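In what follows, a single structure is set out as structure tokens and then discussed.
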Amino acid sequence: MALQMALPAIVLSGIYWMPESPRYLLSKDRVEAARDIVHRMHSDPSDPTDEFAKREFYQMQMQIALDNTFATSYWDILTQPSMRKRALTTILLEFCLMSSGILVILSKSIP
């Protein structure tokens, strides 16, 4: 069990230094903070105008704007055929994973 906890402990100890997600910041209308993070992540000395970072940021802005036009309530998921298919596929996959016996194997291996 200690081996399983080692990697999450390492990630948890470094979470303070990880930047916030630029997409999350854009969804919360914190545009300048998102732009700074994208610039830090994609700045390249061979690209003095930061064209790649600008394109990436523009693409993120357009994707967030598009995502805001979609309805995301549970009722909307169930009424749209494509979303309903994805939801049922996810539910079926999770059911299959949980009923595969891994929980029994794990409970038998712990004394």
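Before moving on, here are some points about what is shown:
- Residue within the stretch 38-52 that is among the aromatic types (F, W, Y) and in a loop (DSSP other than H, G, I, E, B) present: no
- Residue ID - farthest from I91 (Cα to Cα), chosen from residues in the stretch 35-79 that are among the charged types (D, E, K, R) and touching a His at 6+ places or on another chain (Cβ under 7 Å): D50
- Counted residues, the stretch 5-23 - those being within 20 Å of A65 (Cβ to Cβ) and surrounded by 13 or more Cβ atoms within 10 Å (Cβ to Cβ): 2
- Complete set of residues in the stretch 67-93 that are of a type in the set (S, T, Y), part of a helix (DSSP H, G or I) and surrounded by fewer than 10 Cβ atoms within 10 Å (Cβ to Cβ): T69, Y74, S82
- Options K85, K54: the member that is in the same structural domain as V38 (by TED's automatic domain parsing) and charged (D, E, K, R): K54
- Qualifying residues in the stretch 11-34 (those that are of a type in the set (A, V, I, L, M) and modelled with pLDDT of 90 or more) - the one nearest to Q63 (Cα to Cα): L26
The values are calculated or read from the model by the stated rules, or taken from the named source; none is laboratory data. Keep in mind that what you see is a predicted model, and the values were worked out from it rather than measured. Reconstructed Cβ throughout: ideal geometry from the backbone, glycine too, with neighbour counts over all protein chains shown.
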